[in-house]
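The values are calculated or read from the model by the stated rules, or taken from the named source; none is laboratory data. Quick caveat: nothing in here was measured; it's all calculated off a predicted structure. Virtual Cβ from ideal backbone geometry, glycine too; neighbours counted across all protein chains shown. Keep in mind that these areas ignore ligands, DNA and RNA; they rest on the heavy atoms of the full protein, side chains included. Shrake-Rupley method; radii C 1.70, N 1.55, O 1.52, S 1.80 Å.
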Amino acid sequence: PEGTILRPQMGGKWLVIFCDEVNLPAPDKYGTQHVISLLRQCIEHGGFWRPSDLTWVKLERIQFIAACNPPTDAGRTVLSPRFLRHMPLLYVDFPGKESLRQIYGTFCRALLKLVPALRSNAQPLTDAMVDYYTLCKEHYNRDMQAHYIYSPRELSRWMRAMYEGVRSKDSMTPEVLVQLTVHEGLRLFQDRLVNEDERAWADTTINQIMRRYFPSVDHERCLARPLLFCNWLTRDYVQVEQDALRQFVKARLKVFYEEELNVALVVFNQVLDHVLRIDRVLRQPLGHVLLIGASGAGKTVLSRFVAWHNGYSVFQIKAHRGYGQMEFENDLRKVMKRSGCKGETVCFIFDESNVLSSGFLELMNALLASGEVPGLFDGEEWPALMQQCKEAAQRDGFMLDTEDELYKRFIQQVQANLHIVFTMNPASSDYSKRTATSPALFNRCVIDWVGDWSNDALEQVAQEF
C-alpha cells in the first residue's frame, strides 16, 4: 500500500498551486521560514507529514509556481538557496516606455472610438499619459515616503476612469478631453503626495505635458484650478463649479445629519476635494480607497457621507474585548454574502484601530488581491454558501449548475459590489510596518493623503462658527 495519496480527481489532469508573495513570511529566530520549509519538503520528497495523525501524504500530479517581489523591497526576505535550487528563476520587470505606449495606445484608440471627432487625439493622449507616469515614477520613490509606489496599475486605473468619463457623452471637445485627462491623472498621482512642494511639482509637470501634446487647445481655460469632476449636479460625469458644488453638499449634509449621523461639518475646500475623491473611487469596479490622515481629520465621516449619498450600505466591525480572529472571519462572511449573494452594494470602512491582530490584515490583503479569502467558507459554511449562490443566480436569471460556476459568479459579485475604505494614521508606530507586511493595501487601493487640515481650512472653519 502507498498510504495516503493527494492528487487531482480527474485522471491525467495536473493541479498547479500558485504561491504569491512567497518571500513575504518573516523567518523565525533560527532563520527558518515555515511555509518555505513545507514547500521544500513537498518538492524534495514528494509529500508531507500530516500533523493531525503524523501520516505521510504523498503528492501526485501537483506542481508549484511561486511569485515574489525582489528581496530589496520593504518587508521581503531573501529566499534560501536550498529552496531556489529546485526551480528555474524568471525575472519579470515592468514594461518599458515603448511597450507602455503600445499597450495603452491600443486602449486610447478604443476609448476615443466612442467620440469619433477625437480619434486623432489617441496618440498624443497616449504619449501624455505614459510620459507623466514615467516622470512621476522617476521623481517619487519609497525612500521619500513608504506609499510612493507607482506601477502600470496606475495607467490602467487612469484608462478606466477616462472610460467612465467618456462613455456617457455623445460629443466632447478637445478641451474637455484635456480637462478630464488632467483631473484623473492628478487623482492617481498627486493625491497621495504629502508635501505641498511635491503636489506643486505634479501640477506643474502635467501642465507642461499637456501644453506639449495638445498645443491647439485653450490652456488657460483647460488647466485652470480647481478642477472638480462629479455626477452629483447632473447625470453625467462633468466638471462642476466649486461654489455650486458647495451649496449642493451643504444641502445633502442637512439630510445626512437627520438620517444618519448628527455631526456638524464645515464644507471648506479640502472637504469638497476629499469627498469627490472618495466618491470617484467608490463608483468604479474594484474601487477601494486608502485614506491616510491624522486622527480626527474626518476620514470616516466623509466616507460614510459619500456611501450614504450613493445609496450604499455601510459596514464597520464592532470590536470589543472578546473580539478575535473567529469573530472577524464571521463578519467577513456576512459582508461578502451581502455583496455576493444579495447583490447589495456595501462600503466596508476599516480603521487601523480595528486591526487587533496581524491575522486581520492577512485576510484583508487576500480579499483586496483577489476578491476572496481562501478557506473562509470551508466545512459547514460551504453548502450554505452554495445554496445562497444558487438562489441568487436563479433570482437574476442565470442557470448555473456546478459549484465552480456558482462560486465564480459569487466572487465576481463581491468584486463589483464590495468597496473597502481603509483609514490610517501616518503618525502611528505601525504605519511603516503596514507598507511592508500588507502590500495589497498600497497597490490595490487608490491612495488619498488627507493629512491634517491646512491653515486655510482652519480659517474657514473658524469663520463658519
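In this structure, residue 170 does not satisfy being assigned to a helix (DSSP H, G or I), over 20 Å from residue 94 (Cα atoms) and out of contact with any Phe, Trp or Tyr (no Cβ under 7 Å at 6 or more places or on another chain). Within the set 45, 86, the sole residue that is farther than 30 Å from residue 148 by Cβ, open to solvent by less than 80 Å² (accessible area, probe 1.4 Å) and either touching a Gly at 6+ places or on another chain (Cβ under 8 Å) or not β-branched (Val, Ile, Thr) (or both) turns out to be 86. For the stretch 381-414, filtering for residues that are in contact with a Gly (Cβ under 6 Å, 6 or more places away or on another chain) and open to solvent by 60 Å² or more (accessible area, probe 1.4 Å) leaves 0. Figure legend. Inter-residue proximity from the stretch 375-386: first residues at pLDDT 90 or above, second residues acidic (Asp, Glu), beta-carbon distance below 6 Å, spacing 6+ or different chains. Indicated pairs: 386/403.
Restricting the stretch 118-146 to residues that are part of a loop (DSSP other than H, G, I, E, B) and buried (at least 18 other Cβ atoms within 10 Å of the Cβ), the residue that is modelled with the lowest pLDDT is 145. Looking across the stretch 341-359, the residues that are free of Cβ contacts under 8 Å to residues at least 40 places away in the same chain, small (Gly, Ala, Ser) and either open to solvent by 40 Å² or more (accessible area, probe 1.4 Å) or in a strand (DSSP E or B) (or both) come down to 353, 357. No other residue among 20, 28 is at pLDDT below 95, open to solvent by 80 Å² or more (accessible area, probe 1.4 Å), closer than 30 Å to residue 71 by Cβ and within 33 Å of the chain's Cα centre (by Cα) apart from 20. Pairs meeting the criteria (first residue in the stretch 414-443 and among the acidic types (Asp, Glu), second residue assigned to a helix (DSSP H, G or I), beta carbons under 8 Å, at least 6 apart or on different chains) are 430/352.
Count of the stretch 412-454 residues, restricted to those that are under 11 Å from the mean Cα position of the chain (by Cα) and at pLDDT below 80, is 2. For the stretch 189-225, what are the residues that are assigned to a loop (DSSP other than H, G, I, E, B), surrounded by 16 or more Cβ atoms within 10 Å (Cβ to Cβ) and free of Cβ contacts under 8 Å to residues at least 60 places away in the same chain? Within the stretch 189-225, 190, 217, 223 meet the criteria.
Inside the stretch 284-323, can you point out the residues that are of a type in the set (D, E, K, R) and within 23 Å of residue 439 (Cα to Cα)? Walk me through it before giving the result.
As a first pass, look at the stretch 284-323 and keep what is of a type in the set (D, E, K, R): 299, 304, 318, 321.
299, the sole residue that qualifies.
Selection over the stretch 160-176 of residues that are within 25 Å of the chain's Cα centre (by Cα) and either among the charged types (D, E, K, R) or open to solvent by less than 50 Å² (accessible area, probe 1.4 Å) (or both) gives a count of 7. Among the residues of the stretch 299-333, how many are open to solvent by 20 Å² or more (accessible area, probe 1.4 Å), under 30 Å from residue 233 (Cβ atoms) and either free of Cβ contacts under 8 Å to residues at least 60 places away in the same chain or out of contact with any strand residue (DSSP E or B) (no Cβ under 9 Å at 6 or more places or on another chain) (or both)? Result for the stretch 299-333: 10. Within the stretch 150-167, the set of residues being of a type outside the set (A, V, I, L, M) and part of a helix (DSSP H, G or I) comprises 152, 153, 154, 156, 157, 158, 160, 163, 164, 165.
In this entry, residue 337 passes the filter for residues that are touching a residue at least 40 places away in the same chain (Cβ under 8 Å) and open to solvent by 10 Å² or more (accessible area, probe 1.4 Å).
Every test in (1) assigned to a loop (DSSP other than H, G, I, E, B); (2) open to solvent by 10 Å² or more (accessible area, probe 1.4 Å); (3) not acidic (Asp, Glu) is passed by residue 376 save one, and that test is (2). Residues that are touching a residue at least 60 places away in the same chain (Cβ under 8 Å) and open to solvent by 30 Å² or more (accessible area, probe 1.4 Å) were ranked within the stretch 147-159; the one that is farthest from the chain's Cα centre (by Cα) is 149.
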